[in-house]
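Asker: One structure is given below, represented as structure tokens, and several questions about it will come after.
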Amino acid sequence: MAAYRSALRHGIALIDIAEEYWKCLMLAGRFAAAWTVSDAVLRRRAGLPESGLPYHVRQVWDGTPLAGRKVLLRCFHGLGDTLQFIRFVPRLRRLAADLVVEAQPELIGLLRSVPGIGRIVPLGAGDAEPHEVAIESMEVPHALRLRLAELPGPVPYLWVEQRRGTALPRDGRRRVGLVWEAGGWDPRRSLPVSSFRPLAEMPGLALFRLQRGPALGAFESGASAAPRFDAGGTTSDDVVATAAAILQLDLVITVDTAATHLAGALGARVWTLLPFAADWRWLAAGRRSPWYPSMRLFRQERPGDWQAPLAELFRRLRSGEAWGRAPGIQRLRSRLR
């Protein structure tokens with residue numbers, strides 16, 4: 001932060017350091033200052049075409065005010081990003097004259113539970129929807145000039161009936177779901193499933209798999225020295241079924257991937273393991289997330305070293321700290337039923 005401020009004082013253009021300076025401001029929780037950087041980027045790219053770029057790098061909003069207009073909300077980034085930022089739909093519905101959401105097909109069944117969401121179309125179908133202004137889901141905080149104090153907003157904002165998924169056994173043990181690998185594009189976020197073997201030695205725990213993707217294949221082939229999992233866990237690519245399974249668990253332990261946003265949006269108790277240089281949305285420090293009140297963060301102290309956060313996580317599990325009730329979550333959840 002000090003280096004970027006010095007660069008600005010010495011005449012470096014804000015736009016030339018915008019991306020990294022913006023990340024610093026967001027990590028520090030200085031959202032208002034970050035939006036001034038976003039404004040500069042918006043001015044610089046005015047009129048530049050975005051349609052030929054891959055979905056996940058497109059910037060959609062051109063700065064047109066949303067109030068009183070027909071708005072198309074496009075979810076062009078990852079599943080976790082959509083699950084995190086779909087929380088702003090109620091605010092957009094109150095602001096806009098009309099709202100259509102364009103989202104990943106695998107999420108549509110779950111997103112229908114967002115209060116006031118209205119019309120949803122699958123990714124790629126948004127161009128056919130009449131609209132006056134389009135905005136990508138991760139651009140909405142900028143458009144709303146979001147303040148850190150406004151977070152988290154109402155939680156949970158997603159809901160699914162538990163019977164939509166596999167019924168997990170109830171035998172008196174605490175049910176814990178695990179996700180150990182994130183997407184391959186950022187291996188720093190993942191850790192070996194064998195790292196969780198101490199959980200199998202803790203009395204009173206039943207472990208269930210929530211992992212998806214290639215890591216699940218390695219596990220099923222026996223290539224990973226995994227802890228003992230209980231029968232009945234979900235490995236389904238059906239997000240609704242995964243959400244239903246999460247709502248039956250006492251705790252989700254996951255790396256930084258879509259599962260952490262899904263659990264947080266459902267108001268489920270979730271412990272998230274973060275790499276040393278974590279994404280801006282988790283801020284630079286702290287054990288709690290401003291986005292999800294039911295979440296606890298476990299951060300690496302050194303790049304690539306999971307020993308300290310895992311030791312803290314295991315210690316807190318053994319102490320029984322995990323099972324304290326998250327204030328207000330059950331009450332809020334019951335309102336969505």
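The values are calculated or read from the model by the stated rules, or taken from the named source; none is laboratory data. The structure displayed is predicted, hence computed values, not measured ones. FYI the Cβ positions are ideal-geometry reconstructions off the backbone, even for glycines, and counts take in every protein chain you see.
Asker: Report, by residue number, each residue of the range 259-285 that is part of a helix (DSSP H, G or I) and surrounded by 24 or more Cβ atoms within 10 Å (Cβ to Cβ).
Answerer: Passing the criteria: 259, 260, 261, 262, 263, 264, 265.
Asker: Now, a different point. Got a sec? Which of 42, 53, 72 is modelled with pLDDT of 95 or more, on the phi < 0 side of the Ramachandran plot and either surrounded by 11 or more Cβ atoms within 10 Å (Cβ to Cβ) or assigned by TED's automatic domain parsing to the domain that holds residue 109 (or both)?
Answerer: Only one candidate qualifies: 72.
Asker: Give me the residue from the range 304-334 that is within 22 Å of the chain's Cα centre (by Cα) and modelled with pLDDT of 85 or more and, out of that set, surrounded by the fewest Cβ atoms within 10 Å (Cβ to Cβ).
Answerer: Across the range 304-334, the extreme among qualifying residues is 304.
Asker: Within the range 286-303, which residues are touching a residue at least 40 places away in the same chain (Cβ under 8 Å) and loosely packed, with under 12 Cβ neighbours inside 10 Å?
Answerer: Selection gives 303 alone.
Asker: Just one of (1) touching a residue at least 24 places away in the same chain (Cβ under 8 Å); (2) in a loop (DSSP other than H, G, I, E, B); (3) surrounded by fewer than 17 Cβ atoms within 10 Å (Cβ to Cβ) trips up residue 61, so point out which.
Answerer: (3)
Asker: Something else about it: Which one of 136, 102 is at pLDDT 95 or above and more than 21 Å from residue 238 (Cα to Cα)?
Answerer: Of 136, 102, the one residue that is at pLDDT 95 or above and more than 21 Å from residue 238 (Cα to Cα) is 136.
Asker: Restricting to the range 138-186, and then to whatever is among the aromatic types (Phe, Trp, Tyr) and farther than 14 Å from residue 87 by Cα, can you tell me which residue is surrounded by the fewest Cβ atoms within 10 Å (Cβ to Cβ)?
Answerer: Among those residues, the one meeting the criterion is 185.
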